[in-house]
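Each remark here refers to the structure printed beneath this line.
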Amino acid sequence: MKSSPQFSRRQFFRCGTGMLGATLVAPQRTAAAPTPVLTEHCDVLVCGGGPSGMAAAVNAARLGARTLLVERYGRLGGMGVSGLVGPLMGQVKSPFVQEVLKRIGGRHPAQERLDLEYAALIEEAGGRILLHTWVMEALRDGQRVTGVRAVTKQGLIQIHARVVVDATGDGDVAFLADAPFEQGRPGDGLLQPVTIQYRVAGVDPKRAYLGGSEEAMRKVSLPEGTLEEVIRRAQQKGELPASVGVIRAYQAAHPTERIINATQVNGIDGTKVADLTRAELEGRRQAYQVLEFLRKHAPGYENAYIVAMPAVIGVRETRRFLGVNYLTRQDLIAGRKWTDAVVWSANFVIDIHNPVGAGQAEGFAAKTKPYDIPYGCLVPKELDGLLLTGRCISGSHEAHASYRVQCIVMAIGAAAGAAAAIAVKDNVPPRDVSVVKIQKALNAE
């Protein structure tokens, strides 16, 4: 089987307009970097404030590390807040994940306050938060990452850390530190499509359907046929884009609201600004087409209206960095267990959205057995001082399609945070941390 295309940052930039778009080229550094106006020091620096970054920061701080989390947007929560992605999906055996779910009210939390719940967890643990802080450079001493330089409204800030945890989703720190990565599916390198997920209100909860898969669409009965059949006819008439073949409707925190996951923009690389711009605009236009379809064809949605649009489009897949271990589709299908596991019994379907059409790339999402994630998937193969967490960890295109969901990446983050704190305490590189100590810290409850 062919492997996914592999890159380093230098190779990525050498591709020039072929990788970055016809009018964009890599910047050429001809002068020394501007002097930072602020300097910070910490034991553990977490870059990214989604569920995985939050979990890393909380667990590092609880183990006594001086912890700082930086987030590029004005709110924590990642896709669950800025992208309005819900519900929180994925099963995993993790005391920390269960603690968080209990605190926020389960898998259908109020998205308007989820960021505050995450912030409270970090602050109660003794961690600090800096919002509106965008990582622009990785600081290195040879093969060791020693911190980052970030841009803020005040100017540049330089943050020195003994261990950096990359929870950016796209692996921005690892990319800036020249860590090798894969991107896209084997063969053609295409990435999963991106989606504007949004909430509608004015729904009749007794009549409005709920469903989140291709199989469910075949069972939902509308006056004009099954939902699948009605969608297909709407595509043929131009009521819906050809890429919108499934309209998933999830229960929101309020009973008269639904979270709609239907828009699909193909051919997008979430690390290219031109692609993201096109996707943001096209995805929001599609959202209104889907709304009109629901109002016209779906009982209970006649009076529906969009009550919340996301701040950013939902990106499923970008870079996957090569680590000491590498998780594969076969590992997930077999439910592989690892003696050096730091995430246990993760379980979610291999959910690969079709990058060249509608629906699933493989017809239906393949089911997995509860599988473990070994510590080596969090440790970059070539760099010290850095840990990976979230969807950018080391694994194949197919494996990533399962572990990328919010509850599983939260468990990965808890492991990364615990490992980072232990590395600081024991004064060893992250790759040399005792896995037994990480396991004990994660299961202390």
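Nothing in this text is a laboratory measurement; each read-out follows from the coordinates by a stated rule. These figures come from a predicted structure and were not determined experimentally. When we count neighbours, we look across all protein chains shown, and the Cβ atoms used for this are built from the backbone with ideal geometry, even at glycine.
In summary, the lysines within cross-link reach of K296, defined as a Cα separation below 27 angstrom excluding same-chain residues under 8 places away, comprise K206, K219, K237.
Helix 95-104 versus the longest principal axis of the chain: what angle, 0 to 90°, nearest 10, using Cα atoms? Helix 95-104 and the main axis of the chain meet at about 50 degrees.
Length gained on full extension, E123 to L38: 28.4 nm, using 0.36 nm per residue less the C-alpha separation. Its Cα gyration tensor gives the range 304-356 an equivalent ellipsoid. The semi-axes, each the square root of 5 times an eigenvalue, are 31, 15, 13 Å from largest down.
Extension gain for the segment S434 to D188, taken as residue separation times 0.36 nm less the Cα-Cα distance, is 84.7 nm to one decimal.
Residues in the range 57-69 carry Karplus couplings, in order, of 5, 4, 6, 5, 5, 4, 8, x, 7, 6, 10, 10, 10 Hz; the curve used is 6.51 cos²θ - 1.76 cosθ + 1.60 with θ = phi - 60°, and Gly or Pro positions show x. The DSSP beta bridges internal to the chain are antiparallel in roughly 65% of cases. Taking θ as phi - 60° and the Karplus parameters 6.51, -1.76 and 1.60, the scalar couplings of the range 237-244 work out to 7, x, 5, 10, x, 4, 7, 9 Hz in sequence order, x denoting glycine and proline. The sum of -39500 (n - 2.57) across all DSSP H runs of n ≥ 4, divided by the residue count of the chain, sets its helix-only mean residue ellipticity at 222 nm to -9000 deg cm²/dmol. Pairwise Cα separations in the chain fall into 10 Å bins from 0 onward with the following percentages, short to long: 5, 22, 32, 26, 12, 3, 0.
Between W134 and Q236, the simple spin-label model (points 7 angstrom out along Cα→Cβ) gives 4.6 nm. Exposure proxy for Y305, Y403, Y209: other Cβ atoms within 10 Å of each Cβ, ordered fewest to most, give Y305, Y209, Y403. Quick check: the distance between the Cα centres of the range 240-275 and the range 353-388, to the nearest angstrom? Using only Cα atoms to place each centre, the spacing works out to 20 Å. Annotation: the residues C42, C392, sorted from fewest to most other C-beta atoms within 10 Å of their own C-beta, follow the order C42, C392.
Rounded, prolate or oblate: which fits the range 272-320 when a ≥ b ≥ c are the square roots of the eigenvalues of the alpha-carbon gyration tensor, with rounded for a/c under 1.5 and prolate only if a/b beats b/c? Write down the numbers at each step before the final one.
On the way: a/c = 2.87, a/b = 2.55, b/c = 1.12.
The shape class here is prolate.
As a rough footprinting exposure proxy, the listed residues S213, S52, S94, S4 were ranked by other beta carbons within 10 Å of their own, and the order from fewest upward is S213, S4, S94, S52. Compared with the dominant principal axis of the Cα atoms in the chain, helix 406-426 is inclined by about 0°.
From most to least packed by mean Cβ count within 10 Å, the peptides 345-357, 223-235, 72-84 give 72-84, 345-357, 223-235. Each other residue within a Cβ distance under 11 Å of V424 adds +1 if Lys or Arg and -1 if Asp or Glu, for a net charge of +1.
Taking all Cα pairs closer than 8 Å and separated by 6 or more residues, the relative contact order of the chain comes to 22 percent.
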